[in-house]
Amino acid sequence: MKYIFRLEKVKYKDILNIEKLNIKKDKVTCILGESGSGKSTLLKLLNNLISLDEGSIYYKDKDILEINPIDLRRQVIMLSQNPVIFEGNIRDNLNLALEFKEKENESDEKLKEYLEIANLKKPLDNDAKKLSGGEKQRLALARALLSDGQVYLLDEPSSSLDDETEKFVIESIVNFTKQSNKTVIMVTHSIDIAEKYGEEIINLYKGGITNE
Ligand SMILES: Nc1ncnc2c1ncn2[C@@H]1O[C@H](COP(=O)(O)OP(=O)(O)OP(=O)(O)O)[C@@H](O)[C@H]1O
Ligand SMILES: [Mg+2]
């Protein structure tokens, strides 16, 4: 199987209208497009958080409407543009990802590894609500990666970061997911990031795809 997702004649309200789109398995695909072009909407469709009005989406050659949404979301992990940070400390927030997968809590060593991947240098006991915006974003990223899916849908995972931290974090995500043969579909505002790390690039323009 070459493609993890296939979209055919997909319409969602007057927001998206995609004739055909194939997303390759085990690759990094970057999605570019101006604000309001439908990038977040596309990711939500891939996770079945919203339902399309027309057309079909196939995940591993199976119509996503025929896949139990909980099962789908255990495999296809979404990091939303405005991730939720829960009450409690950093450790609690990371362990929540494992609860959803019905797995035991991880050792502090393991949790720290994931914080390192996300370049968040804070003790596990720190209050998560008191982190800065960019730190919360990196905590949510660490939590998403810890969920151990097969596909990661990352909606602007580095939008609150300075250029240097952004490069480090994206490089780290790409290394991590390459080592473990995962698929990454990442929205980014940065053409530089898309050109450097995107093995495939999707350009959205007013809900359609301009070129691939
Ligand atoms: N549930 C909804 N109902 C109606 N309109 C919506 C809904 N969700 C999003 N929209 C609209 O659809 C368009 C695309 O939204 P979307 O969030 O996908 O854009 P985006 O490309 O992610 O933008 P940004 O770069 O600002 O995050 C916007 O005009 C938005 O206002
Ligand atoms: Mg968006």
- Query: L79's amide H: which non-local residues (gap 5+, or another chain) put their own amide H closer than 5 Å, with H modeled 1.01 Å from N in plane and none for Pro or chain starts?
  - Reply: L153, L154, D155
- Rank these for me by crowding, F168, F5, going from fewest to most other beta carbons within 10 Å. F168, F5
- Query: Ranking I15, I31 by Cβ neighbours within 10 Å, fewest first, what do you get?
  - Reply: I15, I31
- Give the shape of segment 12-68 as rounded, prolate or oblate, defined through the alpha-carbon gyration tensor: a ≥ b ≥ c are the square roots of its eigenvalues, a/c under 1.5 means rounded, and otherwise the shape is prolate if a/b is larger than b/c and oblate if not. oblate
- Would you please give the residues with an amide H less than 5 Å from that of Y3, counting only those at least 5 places away or on a separate chain, with H modeled from the backbone geometry? K25
- Residue farthest toward the positive end of the dipole of the chain, with Cβ of Lys/Arg at +1 and Asp/Glu at -1: which of N68, L120, T188? N68
- Could you please tell me the mean projected area of the C-alpha convex hull for segment 9-114, averaged over all directions and given in square nanometres to one decimal? 8.6
- Item | Residue order, fewest to most surrounding Cβ atoms within 10 angstrom, among L145, L161, L124 | L124, L161, L145
- Item | Magnitude of the charge dipole, the chain, Cβ model with Lys/Arg +1 and Asp/Glu -1, debye to 20 | 360
- Once you have all Cα-Cα distances for the chain, histogram them in 5 Å bins from zero and send the whole-percent values. 1, 7, 16, 20, 20, 16, 11, 6, 2, 0
- Out of residues 5 or more away from I31 or on other chains, whose amide H comes under 5 Å of its own, with H placed 1.01 Å from N in the peptide plane? M186, V187, T188, I202
- Task: Find which of L141, N17, N89 sits farthest along the positive direction of the dipole of segment 3-209, computed with +1 on the beta-carbon of Lys and Arg, -1 on that of Asp and Glu, about the Cα centre.
- Result: N17
- Note on the structure: A convex hull over the alpha carbons of segment 114-212 yields, per residue, a volume in Å³ of 113
- Over the chain, calculate the relative contact order: mean separation of alpha carbon pairs under 8 Å at least 6 apart, over the residue count, as a percent. 31
- Summing -39500 (n - 2.57) over every DSSP H run of at least 4 residues in the chain and dividing by its residue count gives a helix-only mean residue ellipticity at 222 nm, to the nearest 500 deg cm²/dmol, of -10500 deg cm²/dmol
- If the chain between K9 and E195 were fully extended at 0.36 nm per residue, the gain over the current Cα-Cα distance would be 64.2 nm
- Task: Using only Cα atoms, locate the centre of segment 84-99 and the centre of segment 148-200, then give the distance between them in Å, rounded to an integer.
- Result: 22
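Every number in this text was worked out from the coordinates using simple rules, so none of it is lab data. No experiment lies behind these values; they were computed from the predicted model shown. All Cβ positions, glycine included, derive from the backbone under ideal geometry; neighbour counts span all protein chains shown.
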